[in-house]
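Only one structure is covered here, and it is reproduced in the block below.
No lab work stands behind these numbers, since they all come straight from the coordinates. This one's a predicted model, so the numbers in the text were calculated from it and none came from an experiment. Cβ: placed from backbone, ideal geometry, glycine included. Neighbour counts: every protein chain shown.
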Amino acid sequence: MKLFMMMTALLIGLASAAQAQVGKGLFAGGSLGFTMGGTNYQNGSSTTKGPTSSSFNVTPRIGYYFTDNIAAGIKFGFAGTNGKINGIVVTTTSSNTLSVGLFGRYALPLGDEGKFAFTGDLNLGFSATNGKSETGSLSVKSDPIFQISVGIAPGILFFPTPKIGLEAGLGNILALTATTETDANNNDNKIKSTQIQIFNISTLGFYFGLNYYFNR
């Protein structure tokens, strides 16, 4: 009897959630982020600066809801990292990543007011990364890295107004990634690898985005 009552309550809750929909139409926006950090070493009264690093990313995108809950779209990305190691000779490192991808989304509204929704994205992406390191007057290019990935990413969508949607997520909790690393000095030398990643730090990462919904 208790199991029956629990199942009934669950079905009623799902039915209530289904009353509110995101709605058909175009949306556009994206996300951005910036991080920085550093290390200091304390030895008695003297302090020595350790490695420092900073990174940023910009990801614009545009999509369309073909039904009240199913959407698809395209997104672009640019990310950069910079690092500095202090020593007798200072070493700096930098890298830039360009990416383009497609995504499909299913949105499950939570509650009957249409303000919250749980989202699940299926992502297909391609990225290219180049970098270099400089020590004094010596500059060395890193081997270019090309990556194709397929992943599943959950998130939460919130509408503070009917047309503005704020969302947050964890990135790809499950990802299949194929990577090719090319020798910067000899394009014929390549290292290829394929990985299945579950809750891996390289595919995760908290993100925050904002989108404008034109037809709501």
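Some points to look at:
- Taking the square roots of 5 times each eigenvalue of the Cα gyration tensor of region 23-213, largest first, gives ellipsoid semi-axes of 37, 22, 14 Å.
- Pairs from the list K84/K190; K75/K132; K163/K192 with a Cα-Cα gap above 32 Å: K163/K192.
- Cα-centred dipole magnitude for region 23-213, charges only on beta-carbon of K, R (+1) and D, E (-1), debye, nearest 20: 240
- Residue by residue, region 21-26 carries 3J(HN,Hα) couplings of 10, 5, x, 5, x, 8 Hz when phi is fed to the Karplus relation 6.51 cos²θ - 1.76 cosθ + 1.60 (θ = phi - 60°); x denotes Gly or Pro.
- Net charge of neighbours whose Cβ lies under 11 Å from the Cβ of K24, counting Lys and Arg as +1 and Asp and Glu as -1: 0
- Selection of GluC sites (Glu not before Pro), region 104-200, meeting DSSP coil and at most 12 other Cβ within 10 Å: E113
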